[in-house]
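Derivation of every value follows stated rules applied to the coordinates shown; laboratory data play no part. Being a predicted model, the structure only gives us computed values, none of them experimental. Neighbour counts are summed over all protein chains in view; Cβ atoms, including those assigned to glycine, are modelled from backbone coordinates with ideal geometry.
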Amino acid sequence: MTNTPILEIEDLHAKVGDTPILRGIDLTINAGEVHAIMGPNGSGKSTLANVLAGREDYTVTGGSVRYRGKDLLDLSPEERAREGVFLAFQYPVEIPGVSNSYFLRTALNAVREHRGEDPIDAMDFLKLLKEKMKFVEMDPKFQNRAVNEGFSGGEKKRNEILQMAILEPTLAILDETDSGLDIDALRIVAEGVNALRTEDHAVLCVTHYQRLLNYLVPDHVHVLVDGRIARSGDKGLALELEEKGYAEFDRAASA
Amino acid sequence: MANSATKVEELIDREYEHGFFTDIEADALPPGLNEDVIRVISAKKEEPEFMLEWRLKAFRHWQTMREPQWQNVHYPAIDYQDIVYYSAPKAKADAPKSLDEVDPELLATYDKLGIPLHERERLAGVAVDAVFDSVSVATTFKEKLADVGIIFCSFSEAVREHPELVQKYLGSVVPYNDNFFAALNSAVFSDGSFCFIPKGVRSPMELSTYFRINAANTGQFERTLIVAEEGAHVSYLEGCTAPMRDENQLHAAVVELVALDDAEIKYSTVQNWYPGDKNGKGGIYNFVTKRGTCHRNAKISWTQVETGSAITWKYPSVILRGDNSVGEFYSVALTNNRQQADTGTKMIHIGKNTKSTILSKGISAGHGQNAYRGLVKVMKGADNARNFTQCDSLLIGDQCGAHTFPYMEVRNPTAQVEHEATTAKISEDQLFYCMQRGLSAEDAVSLIVSGFCKEVFKELPMEFAVEATKLLGVSLEGSVG
Ligand SMILES: Nc1ncnc2c1ncn2[C@@H]1O[C@H](COP(=O)(O)OP(=O)(O)O)[C@@H](O)[C@H]1O
Ligand SMILES: [Mg+2]
């Protein structure tokens with residue numbers, strides 16, 4: 001694999017209200033790579049994901065983020081999305097009355113318009129949707145259901161992967177997409193991610209457990225503790241964490 | 001998250017797009033109201049004696065009435081002597097006989113509103129009556145409708161050409177003394193639409209009226225009367241716009257529907273009167289009485305999308321007189337900036353096995369105040385009457401308000417009346433979720449709102465549903481940013 005960076009995070013600091021949460025993150029993700037971020041609850045994993053997606057509740061207080069050479073922090077959330085940054089939400093949101101297929105088409109067309117392409121033809125879209133729903137093993141009836149409304153936890157996560165599969169983002173960020181999933185669903189998430197394992201894409205996968213990484217072999221694993229990356233390694237690090245837990249890092253962080 | 005509230009507010013700032021004024025010569029009376037003014041209006045319209053008598057009776061009664069105070073809206077006192085009660089586009093001595101004789105300025109106005117009156121340009125299958133200020137300026141497709149016996153014309157024309165029908169049905173649903181605004185309308189109404197669908201006829205096309213207020217200081221008092229004889233079917237659409245003006249303008253209309261045995265009337269409204277500016281200056285005061293009577297097995301369905309007006313006061317109602325008759329009310333009311341709406345319906349169950357459905361969706365943004373007020377009344381003889389009411393409110397930002405006032409009076413033990421109500425807010429999570437998928441904040445709000453309104457929109461005729469969706473988007477622009 002070449003070393004074309006997709007995402008370059010340097011000394012990133014961010015706070016919520018007056019509380020500093022991210023306290024100097026350095027991370028580079030190259031094209032074709034899958035990175036896993038692990039760490040104890042409350043260490044700042046979701047904060048990092050949300051800061052990258054542009055959520056306004058978080059204030060960046062220092063550092064920089066470059067995305068394909070551009071200043072990411074300069075872009076609005078919708079511009080980031082249109083530029084190919086996708087966040088699979090830890091808690092996907094319900095939108096009553098808006099059908100899943102309409103929502104997806106609107107999202108896809110927003111990206112296409114940004115790229116100067118015509119809106120997708122309705123028939124072509126239905127074909128694409130059918131194919132991707134099959135890929136994520138979702139019943140076609142979910143097309144016409146309102147976005148995430150009344151979906152089970154697992155169905156919501158699957159729906160996030162469906163959106164990712166249709167939008168084919170350059171940078172996919174998955175925030176604990178694996179939590180609460182059964183083995184079948186984990187396999188689908190992993191397949192969704194693996195489909196993006198090409199020269200044009202990169203994946204940042206936030207997870208609390210090592211379980212997902214059995215299906216999805218990351219190129220790099222980082223341990224986030226107290227808003228800093230305490231350690232980086234290969235997939236072996238994930239296994240080690242599984243065995244020992246995060247206790248060692250808690251000591252390191254408070255030292 | 002202090003900035004989420006302001007963010008939500010900022011999106012609500014789009015300009016009213018129908019706010020232009022047409023410079024056209026008008027034949028208007030000076031402001032003020034007395035019996036002479038009523039006589040002049042009646043004379044100008046060459047009305048038969050019974051009409052003038054009816055107007056005068058209404059006026060005399062109106063003088064004994066007080067403006068209602070119970071509704072949840074606030075506005076400065078209206079000076080009824082400061083209003084112009086008659087204004088008509090000055091035309092040739094005779095009314096235009098065809099569209100070619102209509103003032104081109106007027107046709108251009110309707111074109112600008114997206115309502116081309118030329119038949120060749122019309123969407124296939126919609127007949128239009130256009131009412132400009134107080135006068136009907138054109139009715140399309142008349143001949144084609146006449147072929148099946150349907151009368152669709154301006155109210156003035158109906159009074160002249162079909163006085164027996166007008167005399168029989170006028171005031172039969174909304175009597176001249178019904179309420180303050182209905183009495184005022186009965187005294188001074190200048191025009192409106194009249195539809196008569198004879199026994200067994202299904203209207204081959206949608207009928208529609210577009211109302212436009214143009215002149216300043218002019219009250220608009222139209223009257224619409226739709227009669228569907230036994231087994232007749234009709235779908236009727238009503239659209240409304242007005243120029244932007246700093247003064248408030250009064251609109252007090254009356255709509256009466258008569259559905260005889262087995263008849264069906266579907267009445268859809270997209271009301272987009274000028275709502276006033278951001279600070280509440282200007283805008284239309286919309287005080288409207290709409291009511292229908294259902295005879296045996298008949299059905300009346302009101303669908304309304306109310307996005308305009310500074311104040312909306314309106315309760316389209318159905319009197320379920322005949323056994324097995326059905327009444328429906330589907331409503332979307334949006335208030336933004338300083339708009340106030342107090343709207344809802346009345347379903348009066350008199351016959352046996354009568355059914356009514358009420359679905360109300362209120363959207364409040366900015367400092368908008370939105371109230372649902374509904375009455376379900378089941379009379380003694382209404383065995384097995386059924387009502388289902390659902391009232392949902394959606395709040396955008398935290399300076400607006402939603403209120404629900406359901407009233408129920410049930411005098412028959414076999415009746416079943418159900419009421420459900422919900423209130424939700426557009427959450428920052430929903431907005432961010434949509435934006436993370438590439439939608440702008442404005443498109444995200446429109447999407448969420450249209451999802452909220454979906455069950456009502458699907459009751460609208462196709463073209464209107466599209467228009468209504470766009471209108472909501474426009475009315476909400478600036479509500480988040
Ligand atoms: N919107 C918020 N308001 C207040 N505190 C927050 C908010 N988001 C996150 N935090 C706090 O920031 C810390 C990191 O949270 P988070 O990034 O969600 O951790 P993780 O995803 O690693 O479990 C936690 O202490 C959490 O309580
Ligand atoms: Mg988290």
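Points to keep in mind about this one:
- Value of D in µm² per second that Stokes-Einstein yields for the range A:1-113, Kirkwood Rh from Cα pairs, at 10 °C (1.306 mPa s): 102
- Each of B:SER325, B:SER393 has some number of other Cβ atoms within 10 Å of its Cβ, and from fewest to most they run B:SER393, B:SER325.
- Here the dipole of chain A is about 280 debye; that uses its Cα centre as origin and unit charges on the Cβ of Lys and Arg (positive) and Asp and Glu (negative).
- Mean separation of Cα contacts under 8 Å (6+ apart) over length of chain A, as relative contact order %: 27
- Environment charge at B:ASN412 (Cβ cut-off 13 Å; Lys +1, Arg +1, Asp -1, Glu -1): +3
- With the convex hull drawn around the C-alpha atoms of chain A, the volume per residue stands at 127 Å³.
- Under a model in which nothing but the beta-carbon of Lys, Arg (+1) and Asp, Glu (-1) is charged, the range A:1-144 shows a dipole of about 340 debye around its Cα centre.
- Kirkwood hydrodynamic radius of the range B:35-80, from the reciprocal of the average inverse Cα-Cα distance over all distinct pairs: 12.6 Å.
- Estimated vicinal HN-Hα couplings, Hz - the range B:37-54 in sequence order (Karplus 6.51, -1.76, 1.60; Gly, Pro = x): 4, 5, 5, 5, 4, 4, 5, 4, 8, 6, 7, x, 4, 4, 5, 4, 4, 5
- Each listed q (0.07, 0.11 Å⁻¹) maps to a log10 I(q)/I(0) for the protein assembly as shown, found by the Debye formula over equal Cα scatterers with no solvent: -0.59, -1.09.
- Helix-only CD estimate at 222 nm, as mean residue ellipticity for the protein assembly as shown, using -39500 (n - 2.57) per DSSP H run (n ≥ 4): -8500 deg cm²/dmol
- Summing +1 for each Lys or Arg and -1 for each Asp or Glu among the other residues whose beta-carbon sits under 9 angstrom from that of A:SER64 gives -3.
- Surrounding net charge for B:GLN369, when Lys and Arg each add one and Asp and Glu each subtract one, Cβ distance under 14 Å: -1
- Checking the Cα-Cα distances for B:LYS142/B:LYS470; B:LYS44/B:LYS142; A:LYS134/A:LYS157; B:LYS266/B:LYS458 against a 19 Å cut-off, the pairs over it are B:LYS142/B:LYS470; B:LYS44/B:LYS142.
- 5 Å binning of all Cα-Cα separations within the range A:117-213, expressed as whole percents from 0 upward: 2, 12, 23, 23, 20, 12, 5, 1, 0
- Among beta bridges from DSSP that stay inside the range A:5-254, the antiparallel ones total about 60%.
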